[in-house]
Amino acid sequence: MGEKNVLRLTTEPMTVSEYNRSVDDYADNIFRFLMGNLKQKEMAEDIVQDTYEKLWIKRETVSYEKVKTYLFTTAYHTMIDRLRKERRMISMEESGASENPVEMVSPDINKVLHEILNKLPTDQKAVILLRDYEGYSYKEIGEITGQSESQVKINIFRGRKFLKNYIGSIEVLI
C-alpha cells in the first residue's frame, strides 16, 4: 500500500500552488537564458509568458518534480520556432541586401563577449549558455534541447572551440 502512494505522488497533477511556486523558482532563470540567446527583452518576456501559459494548459500532465525540465524545454523550443519564423520573415523582406559586420567600438568586454556569442549557431549558443551560465548537467541540457547527451557535448566542444579561435584572432587585432 505504501508503494502505491509513492507511485501516485509522482503522477499527480500539478497544484495551483506548485504552479505558482514554479513561477517564483524558475521564471527569472528562463528569462536570463532567453536574454542570453536573444538580446531582445520583449521577445524573451513573451516566450516566458508563452511557456507558462503552455504549462498551465498541461498542468494536469506535468508533475512538479519535472516542471523545471518542462519549462526550459518549452522555452527553448518556443525560442527556436520564433527565431526560424523571424529569419523567414527577414529573408522575405530583404532583397539581397548584405549585412554589415558588427563594429566593436566599445571596449566593454561583456559587450564584446555577447557579440562573439551571437556569432555561434543557435544550438551551440544555447547549450553553452545552459552549461556555463545556468550550470545544467549534460543530461539536463539534453532533456531541455531534445539532443542526446553526446550531441550536447559535441555542440559545447564545437562552440567553445569557435570561441577560443575567434578570441585568439581578436587578440591579433588588438
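The values are calculated or read from the model by the stated rules, or taken from the named source; none is laboratory data. Here the structure is a predicted model, which means the values were calculated and not measured. Cβ sites come from the backbone with ideal geometry, for glycine too, and all protein chains shown count toward neighbours.
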Of the criteria (1) modelled with pLDDT of 85 or more; (2) crowded, with 16+ Cβ neighbours inside 10 Å; (3) in a helix (DSSP H, G or I), which one residue 147 fails = (3)
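This table checks each residue for (1) at pLDDT below 80; (2) in contact with a Ser or Thr (Cβ under 9 Å, 6 or more places away or on another chain); (3) in a helix (DSSP H, G or I); (4) in the same structural domain as residue 60 (by TED's automatic domain parsing).
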| site | (1), (2), (3), (4) |
| --- | --- |
| 78 | no, yes, yes, yes |
| 112 | yes, yes, yes, no |
| 128 | no, no, yes, no |
| 151 | no, yes, yes, no |
| 164 | no, no, yes, no |
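Results for (1) over 24 Å from residue 113 (Cα atoms); (2) surrounded by 13 or more Cβ atoms within 10 Å (Cβ to Cβ); (3) among the charged types (D, E, K, R), shown as yes or no for each residue.
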site	(1), (2), (3)
50	yes, yes, yes
69	yes, yes, no
78	yes, yes, no
81	yes, no, yes
If you go through the stretch 10-51, how many residues are closer than 30 Å to residue 111 by Cα and part of a helix (DSSP H, G or I)?
-> 27
Determine, yes or no, whether residue 67 is touching a helix residue (DSSP H, G or I) at 6+ places or on another chain (Cβ under 9 Å), assigned to a helix (DSSP H, G or I) and either under 18 Å from residue 137 (Cβ atoms) or in the same structural domain as residue 118 (by TED's automatic domain parsing) (or both).
-> yes
Being assigned to a helix (DSSP H, G or I) and out of contact with any His (no Cβ under 6 Å at 6 or more places or on another chain) narrows 87, 59 down to just 87
